[in-house]
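Step one of this worksheet: look at the structure below.
The values are calculated or read from the model by the stated rules, or taken from the named source; none is laboratory data. Values in this document were obtained by computation on a predicted structure and should not be read as measured data. Every residue, glycine as well, gets a Cβ built from its backbone with ideal geometry; the counts of neighbours run over all protein chains shown. Side chains included, ligands, DNA and RNA excluded: accessible areas come from the protein's heavy atoms. Shrake-Rupley method; radii C 1.70, N 1.55, O 1.52, S 1.80 Å.
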Amino acid sequence: DLPDYSDIAVLSRNRSFGLELQKKAQAYGIPVAYEGEIELFKTNPAIILLAWLRVTENEESDRGWAVILENAGYRLDEVKHRIEENDYPENMLEFRDELRDAPDISAVAATVFRRHRVENALADRITHVLQNVFDSTYKNTGGLIRFIEDSISSGATYDVDTSKRRDTVTAQTIHSAQGLQYPAVFIADINHRRFPSTNTASPTIHFYD
(Lines give C-alpha, C1' and ligand atoms only; values in the text may rest on other atoms or scores of the structure.)
Protein backbone atom coordinates (compact mmCIF):
# COMPACT_ATOMS: atom_id res chain seq x y z
CA ASP A 1 0.00 0.00 0.00
CA LEU A 2 1.04 3.56 -0.60
CA PRO A 3 1.98 5.42 2.58
CA ASP A 4 -0.22 8.16 3.99
CA TYR A 5 1.19 11.67 4.13
CA SER A 6 1.51 11.28 7.90
CA ASP A 7 3.85 8.31 7.39
CA ILE A 8 6.43 10.52 5.69
CA ALA A 9 9.09 12.74 7.26
CA VAL A 10 11.48 15.04 5.43
CA LEU A 11 14.53 15.89 7.51
CA SER A 12 16.97 18.69 6.75
CA ARG A 13 20.03 20.28 8.29
CA ASN A 14 18.35 23.58 9.18
CA ARG A 15 14.91 25.01 9.80
CA SER A 16 14.96 27.46 6.88
CA PHE A 17 14.94 24.58 4.39
CA GLY A 18 11.98 22.96 6.16
CA LEU A 19 9.98 26.18 6.05
CA GLU A 20 10.81 26.73 2.38
CA LEU A 21 9.82 23.14 1.62
CA GLN A 22 6.46 23.71 3.31
CA LYS A 23 5.88 26.83 1.22
CA LYS A 24 6.76 25.08 -2.04
CA ALA A 25 4.68 22.02 -1.19
CA GLN A 26 1.62 24.14 -0.48
CA ALA A 27 1.90 25.63 -3.97
CA TYR A 28 1.52 22.10 -5.37
CA GLY A 29 -1.28 21.11 -3.02
CA ILE A 30 0.88 18.78 -0.92
CA PRO A 31 0.20 19.03 2.84
CA VAL A 32 3.51 19.57 4.63
CA ALA A 33 3.76 20.78 8.21
CA TYR A 34 6.95 22.14 9.71
CA GLU A 35 7.45 21.10 13.33
CA GLY A 36 10.18 22.53 15.52
CA GLU A 37 11.80 25.73 16.65
CA ILE A 38 11.96 28.74 14.34
CA GLU A 39 13.06 32.34 14.65
CA LEU A 40 9.47 33.41 15.04
CA PHE A 41 9.96 37.17 14.93
CA LYS A 42 11.87 37.06 11.65
CA THR A 43 8.84 35.66 9.82
CA ASN A 44 6.69 37.83 7.55
CA PRO A 45 3.66 37.98 9.91
CA ALA A 46 5.90 39.24 12.74
CA ILE A 47 7.61 41.79 10.50
CA ILE A 48 4.33 43.38 9.39
CA LEU A 49 2.98 43.37 12.95
CA LEU A 50 6.16 45.07 14.18
CA ALA A 51 5.77 47.72 11.48
CA TRP A 52 2.25 48.57 12.62
CA LEU A 53 3.33 48.63 16.26
CA ARG A 54 6.07 51.10 15.32
CA VAL A 55 3.70 53.53 13.59
CA THR A 56 1.20 53.13 16.42
CA GLU A 57 3.90 54.09 18.91
CA ASN A 58 5.42 56.80 16.69
CA GLU A 59 3.29 58.10 13.84
CA GLU A 60 6.42 59.23 11.97
CA SER A 61 8.31 55.94 12.23
CA ASP A 62 10.19 55.65 8.94
CA ARG A 63 11.03 52.01 9.59
CA GLY A 64 7.40 51.15 10.21
CA TRP A 65 5.97 53.04 7.25
CA ALA A 66 8.61 51.68 4.87
CA VAL A 67 7.54 48.08 5.58
CA ILE A 68 3.83 48.89 5.46
CA LEU A 69 4.01 50.80 2.18
CA GLU A 70 6.25 48.23 0.49
CA ASN A 71 3.92 45.47 1.64
CA ALA A 72 1.03 47.38 0.08
CA GLY A 73 2.81 47.37 -3.28
CA TYR A 74 4.31 50.86 -3.43
CA ARG A 75 7.53 51.22 -5.41
CA LEU A 76 10.67 52.20 -3.52
CA ASP A 77 10.67 55.72 -4.96
CA GLU A 78 7.02 56.15 -3.93
CA VAL A 79 7.79 54.88 -0.44
CA LYS A 80 10.68 57.32 -0.09
CA HIS A 81 8.57 60.26 -1.30
CA ARG A 82 5.64 59.52 1.00
CA ILE A 83 7.92 59.14 4.02
CA GLU A 84 9.76 62.38 3.23
CA GLU A 85 6.45 64.24 2.83
CA ASN A 86 4.63 62.43 5.66
CA ASP A 87 2.00 61.69 3.03
CA TYR A 88 0.37 58.42 4.01
CA PRO A 89 -2.83 56.91 2.55
CA GLU A 90 -5.91 57.89 4.52
CA ASN A 91 -7.06 54.31 4.96
CA MET A 92 -3.71 53.44 6.56
CA LEU A 93 -3.94 56.36 8.97
CA GLU A 94 -7.45 55.30 9.92
CA PHE A 95 -6.26 51.74 10.48
CA ARG A 96 -3.41 52.99 12.68
CA ASP A 97 -5.95 54.89 14.80
CA GLU A 98 -8.06 51.74 15.04
CA LEU A 99 -5.07 49.84 16.42
CA ARG A 100 -4.52 52.53 19.06
CA ASP A 101 -8.01 51.83 20.40
CA ALA A 102 -7.43 48.07 20.70
CA PRO A 103 -7.59 46.85 24.32
CA ASP A 104 -4.50 44.61 24.27
CA ILE A 105 -1.79 43.13 22.06
CA SER A 106 -3.92 40.13 21.11
CA ALA A 107 -6.55 42.45 19.67
CA VAL A 108 -3.88 44.48 17.86
CA ALA A 109 -2.32 41.34 16.37
CA ALA A 110 -5.69 39.89 15.34
CA THR A 111 -6.64 43.16 13.62
CA VAL A 112 -3.32 43.38 11.76
CA PHE A 113 -3.36 39.76 10.66
CA ARG A 114 -6.97 40.04 9.51
CA ARG A 115 -6.10 43.09 7.39
CA HIS A 116 -3.19 41.28 5.79
CA ARG A 117 -5.09 37.98 5.45
CA VAL A 118 -2.71 36.07 7.64
CA GLU A 119 -4.30 33.04 9.27
CA ASN A 120 -1.80 30.37 10.21
CA ALA A 121 0.11 28.80 13.07
CA LEU A 122 2.81 31.47 12.92
CA ALA A 123 0.29 34.25 13.55
CA ASP A 124 -1.26 32.27 16.40
CA ARG A 125 2.13 31.65 18.03
CA ILE A 126 3.23 35.29 17.65
CA THR A 127 0.03 36.45 19.31
CA HIS A 128 0.39 33.90 22.12
CA VAL A 129 4.00 34.87 22.87
CA LEU A 130 3.33 38.61 22.86
CA GLN A 131 0.21 38.29 25.03
CA ASN A 132 2.20 36.25 27.56
CA VAL A 133 4.90 38.94 27.61
CA PHE A 134 2.27 41.62 28.08
CA ASP A 135 0.50 39.73 30.87
CA SER A 136 3.70 38.94 32.76
CA THR A 137 5.47 42.29 32.41
CA TYR A 138 2.72 44.78 31.54
CA LYS A 139 4.92 46.14 28.77
CA ASN A 140 3.43 49.01 26.78
CA THR A 141 3.68 49.22 22.98
CA GLY A 142 7.22 50.53 23.18
CA GLY A 143 8.23 47.66 25.45
CA LEU A 144 6.71 45.08 23.10
CA ILE A 145 8.57 46.65 20.17
CA ARG A 146 11.85 46.34 22.07
CA PHE A 147 11.01 42.74 22.98
CA ILE A 148 10.49 41.87 19.31
CA GLU A 149 13.66 43.72 18.27
CA ASP A 150 15.66 41.92 20.95
CA SER A 151 14.22 38.57 19.84
CA ILE A 152 15.26 39.29 16.26
CA SER A 153 18.78 40.40 17.15
CA SER A 154 19.35 37.46 19.52
CA GLY A 155 17.91 34.88 17.12
CA ALA A 156 15.40 33.70 19.73
CA THR A 157 13.53 30.57 18.63
CA TYR A 158 10.10 29.23 19.55
CA ASP A 159 8.40 25.89 19.02
CA VAL A 160 5.81 26.03 16.25
CA ASP A 161 3.63 23.25 14.87
CA THR A 162 2.25 24.48 11.55
CA SER A 163 0.02 21.46 11.00
CA LYS A 164 -3.70 22.08 10.59
CA ARG A 165 -4.46 18.58 9.37
CA ARG A 166 -3.64 15.18 10.81
CA ASP A 167 -2.61 13.65 7.45
CA THR A 168 0.43 15.77 6.61
CA VAL A 169 4.04 15.19 5.71
CA THR A 170 6.26 16.22 8.63
CA ALA A 171 9.23 18.51 7.96
CA GLN A 172 11.79 18.70 10.75
CA THR A 173 15.45 19.31 11.34
CA ILE A 174 17.52 16.19 11.84
CA HIS A 175 18.39 17.37 15.34
CA SER A 176 14.74 17.79 16.42
CA ALA A 177 13.78 14.38 14.98
CA GLN A 178 16.21 12.43 17.15
CA GLY A 179 14.45 9.51 18.81
CA LEU A 180 11.40 9.67 16.53
CA GLN A 181 10.33 7.00 14.05
CA TYR A 182 8.57 7.26 10.68
CA PRO A 183 7.74 4.56 8.09
CA ALA A 184 9.38 6.65 5.35
CA VAL A 185 12.17 9.17 5.83
CA PHE A 186 13.77 11.50 3.28
CA ILE A 187 17.01 13.34 4.04
CA ALA A 188 16.96 16.59 2.08
CA ASP A 189 19.37 19.45 1.40
CA ILE A 190 22.44 17.20 1.30
CA ASN A 191 24.53 18.92 -1.34
CA HIS A 192 28.24 18.15 -1.30
CA ARG A 193 29.91 19.37 1.91
CA ARG A 194 26.61 20.74 3.25
CA PHE A 195 25.44 17.57 4.98
CA PRO A 196 27.08 15.78 6.57
CA SER A 197 29.87 18.28 7.11
CA THR A 198 33.49 17.24 6.79
CA ASN A 199 33.69 17.30 10.60
CA THR A 200 30.86 14.89 11.32
CA ALA A 201 30.30 11.20 10.89
CA SER A 202 27.77 10.02 8.33
CA PRO A 203 24.33 9.58 9.89
CA THR A 204 22.67 6.23 10.35
CA ILE A 205 19.09 6.23 9.09
CA HIS A 206 16.60 3.64 10.30
CA PHE A 207 13.41 2.76 8.43
CA TYR A 208 10.49 1.03 10.10
CA ASP A 209 7.72 -1.05 8.59
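Mean residue ellipticity at 222 nm from the helices of the chain, using -39,500 (n - 2.57) per DSSP H segment of n ≥ 4 over the full residue count, to the nearest 500 deg cm²/dmol? Value at 222 nm, helices only: -15000 deg cm²/dmol. Model label points for E78 and E90, set 7 angstrom from Cα along the Cα-to-Cβ axis, are 1.8 nm apart. Of the peptides 149-156, 121-128, the order by per-residue mean of other Cβ atoms within 10 Å, starting with the highest, comes out as 121-128, 149-156. Note on the chain: Lys pairs 8 or more places apart or on different chains, Cα atoms under 24 Å apart, count 7. Remark: the Cα gyration tensor places region 30-81 in the oblate category, a/c being 1.5 or greater and a/b not exceeding b/c.
Rounded, prolate or oblate: which one fits the chain, using the alpha carbon gyration tensor with axes a ≥ b ≥ c (rounded when a/c is under 1.5, else prolate when a/b beats b/c, else oblate)? Note, shape of the chain comes out prolate. Highest-first packing order for the peptide set 183-191, 85-93, 65-73, 6-14 is 6-14, 65-73, 183-191, 85-93, based on the mean count of other beta carbon atoms within 10 Å.
The heavy atoms of D4 offer some 80 square angstrom of accessible surface to a 1.4 angstrom probe.
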